[in-house]
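One structure below.
The values are calculated or read from the model by the stated rules, or taken from the named source; none is laboratory data. What you see is a predicted model; the values in this text were computed from it and never measured. In this analysis, Cβ positions are derived from the backbone assuming ideal geometry, glycine residues included, and neighbour counts consider all displayed protein chains. Note: areas computed on protein heavy atoms with side chains; ligands, DNA, RNA excluded. Shrake-Rupley method; radii C 1.70, N 1.55, O 1.52, S 1.80 Å.
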Amino acid sequence: LQRALALLNLVDESPERDGRELDLRESLVLILHVTRGWAAPEAIEAAARIGLLVERTDNLGRLVVSLATRCFHANLAGALSIAGALADEGLELALREGSPPLIATLHMMQLITRFPRGDLVGAENHFMAVQKYIDDPVFRQNPGGYVPSVFGWGSWNAWILGRADVARERIAEARAAVNPANPHDLPWSQMLAAILYTHLKENEI
C-alpha cells in the first residue's frame, strides 16, 4: 500500500487520482490500527489525510466514517475537546445521511467521548439512543466490536452513576454480543468486563 501511494504521487491531480488515493489510505489505516495501534502517529496521519480527501467528494457516508475514526484517535490521545467536536459533527452528518449503522456508530462515539469528559448524563442518553440500532446487522457485525463496546462503556457509565446491577446486566450483554467468527470480539469483551469488575472490586470474576 505504501509503494502504491508513492507511485500515485507521480500521477497528476484529478478526482480519479484522489479516489484511488482514498481507497488506498482507507485500507492502509485499517492495517495500521492492527500493526501499529490506533494512537500511532502514522495511523493518525493517514486518517487525517483521508479526512482531507473525503471532503473533496460528495460521499457523505465516507465523510461520517472518517469523522468517527478521527474522533477515536483524538479520544485515545486525550484530546477530549477535539474528540467531542468531531463526534458532534459526525452525528449531525450521520443523521442527515440516514444510514442506521452510521447513526449507531456516531451515537457510540458520543458515548465514549462524553464518558471520559464526565458528561455521564449525556453518555447515558447516547447509550439509550444507540439501542434503537443495536440489532442492525452491519453495526452488529462490525469487526471493531462495536456492540460489545457500546455495552462495555455503558456498563462503566452505569456503575459510576451508582447503578451496579445495571452495570452487571450491560456487561453480560457485551459478552453475549461476541461474534464467534471474529477473533477480536472475545478478548475485547473480556477486557471491558475485567475493567468493570475491577471497579466493582469483584476481582475473582
Selection count, segment 73-97, where residues are at pLDDT below 90, open to solvent by 30 Å² or more (accessible area, probe 1.4 Å) and not small (Gly, Ala, Ser): 1
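Yes/no per residue for (1) free of Cβ contacts under 8 Å to residues at least 12 places away in the same chain; (2) touching a helix residue (DSSP H, G or I) at 6+ places or on another chain (Cβ under 8 Å); (3) open to solvent by 20 Å² or more (accessible area, probe 1.4 Å):
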position: ILE134; (1), (2), (3): no, yes, no
position: PRO137; (1), (2), (3): yes, no, yes
position: ARG140; (1), (2), (3): no, yes, yes
position: TYR146; (1), (2), (3): no, yes, yes
position: VAL150; (1), (2), (3): no, yes, no
position: VAL166; (1), (2), (3): yes, yes, yes
position: PRO187; (1), (2), (3): yes, no, yes
position: LEU200; (1), (2), (3): no, yes, yes
position: ASN203; (1), (2), (3): yes, yes, yes
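Find the helices (runs of 4 or more DSSP H) located wholly in segment 1-111 whose residues include 1 or more that are among the aromatic types (Phe, Trp, Tyr), and list them.
Details: elements: 2-8, 15-35, 41-54, 60-76, 80-97.
So the answer is 60-76.
Would you point out the residue of segment 31-72, among those that are among the hydroxyl-bearing types (Ser, Thr, Tyr) and more than 19 Å from HIS107 (Cα to Cα), that is surrounded by the fewest Cβ atoms within 10 Å (Cβ to Cβ)? Let's see the steps before the verdict.
Filtering segment 31-72 down to residues among the hydroxyl-bearing types (Ser, Thr, Tyr) leaves 35, 57, 66, 69.
Pick out the ones that are also more than 19 Å from HIS107 (Cα to Cα) and you get 35, 57.
Working: THR35: 10, THR57: 13.
The selected residue is THR35.
Among the residues of segment 7-33, write down those that are in contact (Cβ under 8 Å) with a residue 12 or more places away in the chain and not hydrophobic (A, V, I, L, M, F, W, C). Show your work before the answer.
As a first pass, look at segment 7-33 and keep what is in contact (Cβ under 8 Å) with a residue 12 or more places away in the chain: 8, 15, 18-22, 24-29, 31-32.
Across segment 7-33, the qualifying residues are PRO15, ASP18, GLY19, ARG20, GLU21, ARG25, GLU26, SER27.
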Test: GLY122 is in a helix (DSSP H, G or I) and surrounded by 18 or more Cβ atoms within 10 Å (Cβ to Cβ): no
All positions within segment 19-30 that are open to solvent by 50 Å² or more (accessible area, probe 1.4 Å), more than 15 Å from GLY144 (Cβ to Cβ) and out of contact with any Leu (no Cβ under 8 Å at 6 or more places or on another chain): ASP23
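When segment 152-164 is examined, which residues are found to be under 30 Å from SER27 (Cβ atoms) and open to solvent by less than 10 Å² (accessible area, probe 1.4 Å)?
So the first thing to find is which residues in segment 152-164 are under 30 Å from SER27 (Cβ atoms), and the list is 152-153.
Passing the criteria: only GLY152.
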